[in-house]
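The values are calculated or read from the model by the stated rules, or taken from the named source; none is laboratory data. Treat the numbers as computed from the prediction; the structure is a model and nothing was measured. Using ideal geometry, Cβ is built from the backbone for each residue, glycine included, and neighbour counts are taken over all protein chains shown. Just so you know, the surface numbers come from the protein's heavy atoms only, side chains and all, with ligands and any DNA or RNA stripped out. Shrake-Rupley method; radii C 1.70, N 1.55, O 1.52, S 1.80 Å.
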Amino acid sequence: KWEAKPTPAADLHVFEGKLGEKAAWSRGLFVSYIGFSEDGLHAFGRGKRIICMSGEDFDAMFEKLLPIDEVLSRKARRFAETGNPYVR
């Protein structure tokens, strides 16, 4: 998502709704270049099926030459441990 402001909870809820139409074990990846608003992430809640990535995450991934599957695996693990969809 390319927006001038951090992504709010409403956009995450819409995506979560679309994901609800998929298999129960599926997850979604929401990429927001500018990132996510703190109050938006708080309002979105925990324990959903969406993993969030920001442009900052991609910059770090490219800088450290990490493969995207490793980054997603780490994010999924942190998500499972914390219930937080966005961990830098």
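State to the nearest 20 debye the size of the charge dipole of the chain about its Cα centre, where the only charges are +1 on K and R beta carbons and -1 on D and E beta carbons.
340
Restrict the search to the stretch 2-47; then list the trypsin sites (Lys or Arg not before Pro) that DSSP places in a loop and that have at most 13 other Cβ atoms within 10 Å of their Cβ.
Those satisfying the criteria are K22, R46.
Using a 1.4 Å probe on the protein heavy atoms, what percent of the accessible area of the chain belongs to carbon and sulfur?
C and S atoms contribute 57 percent here.
What's the longest piece of the chain with no exposed chymotrypsin sites (Phe, Trp or Tyr not before Pro), counting a site as exposed if DSSP puts it in a loop and it has at most 12 other beta carbons within 10 Å?
Longest run free of exposed loop sites: 26-88.
Under the rule of -39500 (n - 2.57) per DSSP H run of 4 or more residues, summed and divided by the residues of the chain, what mean residue ellipticity at 222 nm is obtained, to the nearest 500 deg cm²/dmol?
Helices in the chain give a 222 nm mean residue ellipticity of -14000 deg cm²/dmol.
Taking a ≥ b ≥ c as the square roots of the Cα gyration tensor eigenvalues, with a/c under 1.5 meaning rounded and otherwise prolate when a/b beats b/c, else oblate, which class fits the chain?
oblate
If you only keep lysine pairs separated by 8 or more in sequence, or across chains, how many in the chain come under 17 Å at the Cα atoms?
For the chain, qualifying lysine pairs total 5.
With N set to the number of residues, divide the alpha-carbon radius of gyration of the stretch 43-88 by 2.2 N^0.38 Å and report two decimals.
This ratio for the stretch 43-88 stands at 1.15.
Using +1 at the Cβ of each Lys and Arg and -1 at the Cβ of each Asp and Glu in the chain, identify which of F58, F15, S26 lies farthest towards the dipole's positive end.
About the Cα centre, the residue reaching furthest to the positive side is S26.
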